[in-house]
Amino acid sequence: MNKGNSIKPVLQLESMIDEIEDYAILFLDVDGNIMTWNKGAEKVKGYKSREIIGCNFRLFYTSSDREVHLPERLIQTAIKEGKAADEGWRVKKNGDLFWGSVSITAIHDQHGHLLGFTKVTRDLTEKMRAESALREYSAQLSTKNKELEQFVYIASHDLQEPLQTVISFIDLLKTEYESVLDEEGRMYMDFITGASQRMRSLIKSLLDYSRIGQNKCLEDINLNDLVSSLLMDLHSVIKEKNADTSVSELPVVKGYKTDITQLLMNLLKNGIKFSRQGVPPKIEISACRLESQWKIMVSDNGIGIKAEHREKIFLIFQRLHNRNEYEGNGIGLAHCRKIAEVHKGQLDFDSVPGKGSTFWFTIPDVLN
């Protein structure tokens, strides 16, 4: 074989490595001294080839890492295991730090003798900073959510006492003075009573919302039994609306039973409530298996939801309809979405205005 032909691929490989700019690729001798330097190394670390060839790679490590002999330990790991990997702060020529992902691989000749090491470094500073900022934002958001939930709980709890006083005196007025009130006075009393009852319902809804997922234990929930129980509870309204309900085989899931009960009750009630005039409600409950989770669906043949209202319906106290048309506080679906999120799942829907909607939520097999 022509010796020049065997050398040519080696030279081509060296040239290719030298041109790579996204990775610092070095060859080290058995003592960790730098033998080669590519454009990526110059870009990442800031040294020119003539400034760094012959220096030991310990130069790139912080003083604290050198004190604990991290460079030497990585070399020993590469010798023992064939490869060593590490991430951490590294030092550029100008003293700036960058977050480096490092891989050191031992190189041997055909007889197994150690020739040196390849060292590949990637600058992940921007990625690390972005992840750090995301973790910090997530922690701040979690703190704010806890503060908000605590505020809602305290505010709602404290509102109950004066409201109860108002309701008690309204009852006294109606009992002792209704006979002397004229028709207009009785109408005013009815308005006050209705408003007070709505306020009580809103406060209860706020308290329920703040308590979702709090201080509860995960348990196995047989959704067949749960839905059967809910339909029995809704028997009177189902009969009143002449509603037709059908239930397919449902799974056993892991979750917070009180919350899942509330979620399904809200979806069933909505399916019955938001029916088309003159069309008996038809409700179908079913499930399908997805990868490592269940998807539970509640379908109806009701009024449907326009696309522009997709997100609004999940906002707390947002109503799409006049209270005279459909009663409620506008918090039920906000409850449902929060319950799904507490279970590490999601809640969404598909809908055709004037024909009906299918609300669905997912529950993963494992809740972390």
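Measuring between alpha carbons in the structure, the pairs from LYS144/LYS306; LYS204/LYS257; LYS204/LYS355; LYS144/LYS254; LYS174/LYS273; LYS144/LYS338 lying more than 21 angstrom apart are LYS144/LYS306; LYS204/LYS355; LYS144/LYS254; LYS174/LYS273.
What FRET efficiency, computed as 1/(1 + (r/R0)^6) with R0 = 45 Å and r the Cβ-Cβ distance, is obtained for VAL166 and HIS309, rounded to the nearest 0.05? Computed FRET efficiency for VAL166 and HIS309 comes out at 0.85.
As an exercise, use a Förster radius of 30 Å and the Cβ-Cβ distance of SER132 and SER292 to find the FRET efficiency, rounded to the nearest 0.05.
In this case the efficiency is close to 0.55.
Taking 0.36 nm per residue of separation and subtracting the current Cα-Cα distance, fully stretching the chain between TYR177 and ASP29 would add 43.2 nm.
FYI, it's all coordinate maths here, none of it is from the lab. Computed from a prediction, not measured in an experiment: that's the story for all the values here. Methodologically, a virtual Cβ is constructed for each residue, glycine included, from the backbone with ideal geometry; neighbour enumeration extends over all protein chains shown.
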